[in-house]
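**Student:** The following block contains the structure, expressed as structure tokens.
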Amino acid sequence: MERLYRRKVPPARLLTPELARQLAEISQDLHRQVGVLLDRQGLVTHVLVGDAKGLMIPPLPRERGAKGRLKGLRLIHTHLDSSTLTQDDLMDLALLRLDAVAAIAPGPDGQAPIQVAHLLPRPLDGRNWAVINAPNPGSLNLDFAVLVASLEEELARLEAAGEGRGLERAILIGVTGRNRDSAEDSMAELAELARSAGLEVAVTIIQRRPRFDPRFLMGKGKLSELVVQALQLAADLLVFDAELSPSQVRSITDFTELKVIDRTQLILDLFAQRARSREGKLQVEMAQVKYLLPRLVGRGDALSRLMGGIGGRGPGESKLEIDRRRLRDRLHKLNQELAGVRDERRERRQPRRRQRLPILSIIGYTNAGKSTLFNALTHASVLSEDRLFATLDPTSRRLRFPREREVIITDTVGFIKNLPKNLLEAFKATLEELEEADLLIHVVDLSNPRFVEQMATVEDILASLNLQEKPVLMVFNKADRVNPNLAAVQCRIHRGVAISAIAPQTLPPLIARLEEKVEELAIQADWGKPEAAWQDAVSSEQ
Ligand SMILES: Nc1nc2c(ncn2[C@@H]2O[C@H](COP(=O)(O)OP(=O)(O)OP(=O)(O)O)[C@@H](O)[C@H]2O)c(=O)[nH]1
Ligand SMILES: [Mg+2]
């Protein structure tokens, strides 16, 4: 067997008849499967001995480049019964991205039929691999060097097409036990999150499973299919629409050799990209550190894989630290700094409170149009974008109603379903400002097919912040994009107002309602009429 290591195969050949014969002899002697891994130079890198039914491949070195193209290794092994490649063989081919896998079944008559499979750069008739059969290794008509070169070339071309766009490409995966519709809705939102985070969505996959696999969430077979798909689509990472446990991230990363992130991490990343104020940055980093800490056990592999691009970004340009002890120190410092910033903010808020100016806070699901409305009402220019979480930092402005009543109006961070717990906690302080609000303006994106669910989510989050008792005015936005009947019905049910925040001429009814509401509240709260004393009390609020 030692001598197998000395075998050399010319680069153009998959294997030589001598090598095949030698493998066959040993295999028949031992009554076990025997195999070799060959590199592109035709040198034997591993000799493997299995049992009668199978063969284990040891962990192989990670691919040379950053991206997963083919491994540069092929597996030639024996089968005791038939040369037909098994499901396990094909899974190895896919998972390890082998150049090829071949099975030889030596028979008593000296014949040794062989079957070879290699991956395909594009699926053909629903298959991700091609199979070649020959009655014996000698009659295999194949220029292996040319085959591998053309596969690599095609894969490189696909990859370059992806890189041309300059975005990381992701496969989005939903594993669900629920019905398809709700899974699809959830995936649509995940796709929006991904897009907002600057990812390109290569494909979205929903797998239904009555029970989740504790290690991999989904079945191994499905995962290996994913690896091939990632190869074909030149995708860099898998994004799961779930919160993965630290050990699941590790198992899936090890198994697929792909970067793996979950929904929470995607949201954290998005927040990290968006944070502008010092407090916002501190809050986001705090949430990220808390997310990372429990994931820093064992091999750093899964994590080091994460550290490039999406998932590894701190707020601003900084990269996240992955040393456990240093992270703990960082957490401690973040806590202190945050406390300081919050004290300052509380002080800044004091004058406003003394003035007893009514505070109106715009809240709602992310991307509902809160900032657009805020801008339209105040002629301010808060960044508004067709992206999720465009706004992270609360902004306040004065607004004068036609009847001279002045109020403070604030724009806030958007809500989202299953807001990661760490983030909710980190942003609690910001959201606590909502406690001071006298009226919540709940903006709903009527044009979103999921608006009913989004309204419910917002209400749940309000309840979790103990704000369910606050007076709320429902504002149905983006009316320009929906049937007027829908807007009318919703307004009637919720006693709301329909607007189109991008069209200022639709705002007067809203302003009138707001003014009415504020006057009602003013009577209850006995604010009195505004005076000149507070003139610049809030003008510097940011
Ligand atoms: N058609 C239409 N688009 C609107 C309307 N209002 C807002 N938009 C668009 O919706 C997108 C989101 O608006 P934003 O104001 O950024 O939404 P937001 O609620 O502040 O979002 P986050 O800060 O990300 O939570 C932008 O592209 C707006 O131009 C509207 O009345 N009609
Ligand atoms: Mg906004």
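The values are calculated or read from the model by the stated rules, or taken from the named source; none is laboratory data. Keep in mind it's a predicted model, so treat the numbers as computed, not measured. Don't worry about glycine lacking a Cβ; one is built from the backbone with ideal geometry, like all the others, and counts go over all protein chains shown. Note: areas computed on protein heavy atoms with side chains; ligands, DNA, RNA excluded. Shrake-Rupley method; radii C 1.70, N 1.55, O 1.52, S 1.80 Å.
**Student:** In this structure, does R354 turn out to be away from ligand 1 (no atom under 15 Å from the Cβ), at pLDDT below 80 and either more than 23 Å from the chain's Cα centre (by Cα) or polar (S, T, N, Q) (or both)? Don't jump to the end; show me each part of the working.
**Tutor:** Details: away from ligand 1 (no atom under 15 Å from the Cβ): yes; at pLDDT below 80: yes; either more than 23 Å from the chain's Cα centre (by Cα) or polar (S, T, N, Q) (or both): yes.
Criteria met by R354.
**Student:** While we're looking at this one, here's another question. Would you check if A188 is in contact (Cβ under 8 Å) with a residue 12 or more places away in the chain, within 25 Å of P420 (Cβ to Cβ) and either in contact with a Leu (Cβ under 8 Å, 6 or more places away or on another chain) or not charged (D, E, K, R) (or both)?
**Tutor:** Details: in contact (Cβ under 8 Å) with a residue 12 or more places away in the chain: yes; within 25 Å of P420 (Cβ to Cβ): yes; either in contact with a Leu (Cβ under 8 Å, 6 or more places away or on another chain) or not charged (D, E, K, R) (or both): yes.
Yes: the conditions hold for A188.
**Student:** In the range 255-278, is there at least one residue being among the small types (G, A, S), within 16 Å of ligand 1 (Cβ to nearest atom) and farther than 29 Å from R450 by Cα? Before the answer, list the steps.
**Tutor:** Taking the range 255-278 as the starting set, the residues that turn out to be among the small types (G, A, S) are 272, 275, 277.
From what's left, within 16 Å of ligand 1 (Cβ to nearest atom): 272, 275, 277.
Of the ones still in play, those that are also farther than 29 Å from R450 by Cα are 277.
Scanning the range 255-278 turns up at least one residue that is among the small types (G, A, S), within 16 Å of ligand 1 (Cβ to nearest atom) and farther than 29 Å from R450 by Cα.
**Student:** With (1) at pLDDT 95 or above; (2) over 42 Å from the mean Cα position of the chain (by Cα); (3) not hydroxyl-bearing (S, T, Y) as the list, and A533 as the residue in question, which single condition is left unmet?
**Tutor:** Single failed check for A533: (1).
**Student:** Is it the case that the range 42-61 has a residue that's assigned to a loop (DSSP other than H, G, I, E, B) and within 16 Å of E152 (Cβ to Cβ)? Working first, answer last.
**Tutor:** Keep residues of the range 42-61 that are assigned to a loop (DSSP other than H, G, I, E, B), which gives 42, 50-61.
If we keep only those that are within 16 Å of E152 (Cβ to Cβ) as well, we get none.
No.
**Student:** Consider the range 380-406. How many of its residues are more than 9 Å from ligand 1 (Cβ to nearest atom) and either open to solvent by less than 20 Å² (accessible area, probe 1.4 Å) or modelled with pLDDT of 80 or more (or both)? Quick ask: steps written out before the conclusion?
**Tutor:** Let us first name the residues in the range 380-406 that are more than 9 Å from ligand 1 (Cβ to nearest atom), namely 380-381, 393-406.
With the extra rule that they be either open to solvent by less than 20 Å² (accessible area, probe 1.4 Å) or modelled with pLDDT of 80 or more (or both), the set shrinks to 380, 395-401, 405-406.
Residues flagged as more than 9 Å from ligand 1 (Cβ to nearest atom) and either open to solvent by less than 20 Å² (accessible area, probe 1.4 Å) or modelled with pLDDT of 80 or more (or both) within the range 380-406 amount to 10.
**Student:** Follow-up. Among what's in the range 360-379 and is near ligand 1 (Cβ under 7 Å from one of its atoms) and among the β-branched types (V, I, T), pick the residue that is least open to solvent (accessible area, probe 1.4 Å).
**Tutor:** T366
**Student:** Any idea which residue in the range 408-467 is nearest to ligand 1 (Cβ to nearest atom), counting only those that are of a type in the set (S, T, Y) and more than 29 Å from D343 (Cα to Cα)? Outline the logic, then answer.
**Tutor:** Quick first cut of the range 408-467, residues of a type in the set (S, T, Y) only: 410, 412, 430, 447, 457, 464.
Next, only the ones that are more than 29 Å from D343 (Cα to Cα) stay: 447, 457.
Values: S447: 7, T457: 13 Å.
Among residues in the range 408-467 that are of a type in the set (S, T, Y) and more than 29 Å from D343 (Cα to Cα), the one nearest to ligand 1 (Cβ to nearest atom) is S447.
**Student:** Let me ask something else. Can you confirm whether the range 83-98 contains a residue that is modelled with pLDDT of 90 or more and under 17 Å from E25 (Cα atoms)?
**Tutor:** Scanning the range 83-98, I find no residue that is modelled with pLDDT of 90 or more and under 17 Å from E25 (Cα atoms), so the answer is no.
**Student:** Going by the conditions given, is F415 open to solvent by less than 10 Å² (accessible area, probe 1.4 Å) and among the aromatic types (F, W, Y)? Break it down into steps so the answer makes sense when it comes.
**Tutor:** On the way: open to solvent by less than 10 Å² (accessible area, probe 1.4 Å): yes; among the aromatic types (F, W, Y): yes.
The answer is yes for F415.
**Student:** If R127 satisfies every condition in (1) open to solvent by less than 40 Å² (accessible area, probe 1.4 Å); (2) without any contact (Cβ under 8 Å) to a residue 60 or more places away in the chain; (3) not polar (S, T, N, Q) but one, which is the exception?
**Tutor:** It is condition (1) that R127 fails.
So that you can scan it fast, the table gives a plain yes or no per residue for (1) buried (at least 24 other Cβ atoms within 10 Å of the Cβ); (2) modelled with pLDDT of 85 or more; (3) within 19 Å of L167 (Cβ to Cβ):
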| residue | (1), (2), (3) |
| --- | --- |
| F255 | no, no, no |
| Q273 | no, no, yes |
| Q288 | yes, yes, no |
| R295 | no, no, no |
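**Student:** Also: Condition test on A202, is it in contact with a strand residue (DSSP E or B) (Cβ under 6 Å, 6 or more places away or on another chain), of a type in the set (G, A, S), more than 24 Å from T391 (Cβ to Cβ) and without any contact (Cβ under 8 Å) to a residue 60 or more places away in the chain?
**Tutor:** Numbers: in contact with a strand residue (DSSP E or B) (Cβ under 6 Å, 6 or more places away or on another chain): yes; of a type in the set (G, A, S): yes; more than 24 Å from T391 (Cβ to Cβ): yes; without any contact (Cβ under 8 Å) to a residue 60 or more places away in the chain: yes.
The answer is yes for A202.
**Student:** May I ask you to list the residues in the range 209-230 that are surrounded by 13 or more Cβ atoms within 10 Å (Cβ to Cβ) and basic (K, R)?
**Tutor:** R209, R215, K220, K222 - these are the residues of the range 209-230 that are surrounded by 13 or more Cβ atoms within 10 Å (Cβ to Cβ) and basic (K, R).
**Student:** Are any of the residues in the range 500-520 in a helix (DSSP H, G or I) and within 16 Å of ligand 2 (Cβ to nearest atom)? Let's see the steps before the verdict.
**Tutor:** In the first step, residues of the range 500-520 are kept if they are in a helix (DSSP H, G or I); the result is 504-506, 508-520.
Within this subset, residues satisfying the condition of being within 16 Å of ligand 2 (Cβ to nearest atom) are none.
Within the range 500-520 (the criterion being in a helix (DSSP H, G or I) and within 16 Å of ligand 2 (Cβ to nearest atom)), the answer is no, since none of the residues qualifies.
**Student:** Given the conditions (1) touching a residue at least 12 places away in the same chain (Cβ under 8 Å); (2) in a loop (DSSP other than H, G, I, E, B), which single one is not true for R178?
**Tutor:** Failed condition: (1).
**Student:** Now, a different point. Against the definition (among the aliphatic types (A, V, I, L, M), modelled with pLDDT under 90 and surrounded by 20 or more Cβ atoms within 10 Å (Cβ to Cβ)), how does L37 come out, yes or no?
**Tutor:** Numbers: among the aliphatic types (A, V, I, L, M): yes; modelled with pLDDT under 90: no; surrounded by 20 or more Cβ atoms within 10 Å (Cβ to Cβ): yes.
Answer is no for this residue.
**Student:** Those residues that are in contact with a helix residue (DSSP H, G or I) (Cβ under 6 Å, 6 or more places away or on another chain) and either of a type in the set (S, T, Y) or surrounded by fewer than 13 Cβ atoms within 10 Å (Cβ to Cβ) (or both), I need them from the range 175-195; list them, please.
**Tutor:** Selection gives T176 alone.
**Student:** Can you tell me which of (1) closer than 30 Å to Q111 by Cα; (2) touching a helix residue (DSSP H, G or I) at 6+ places or on another chain (Cβ under 7 Å) is the one L172 doesn't meet?
**Tutor:** Result: L172 fails condition (1) only.
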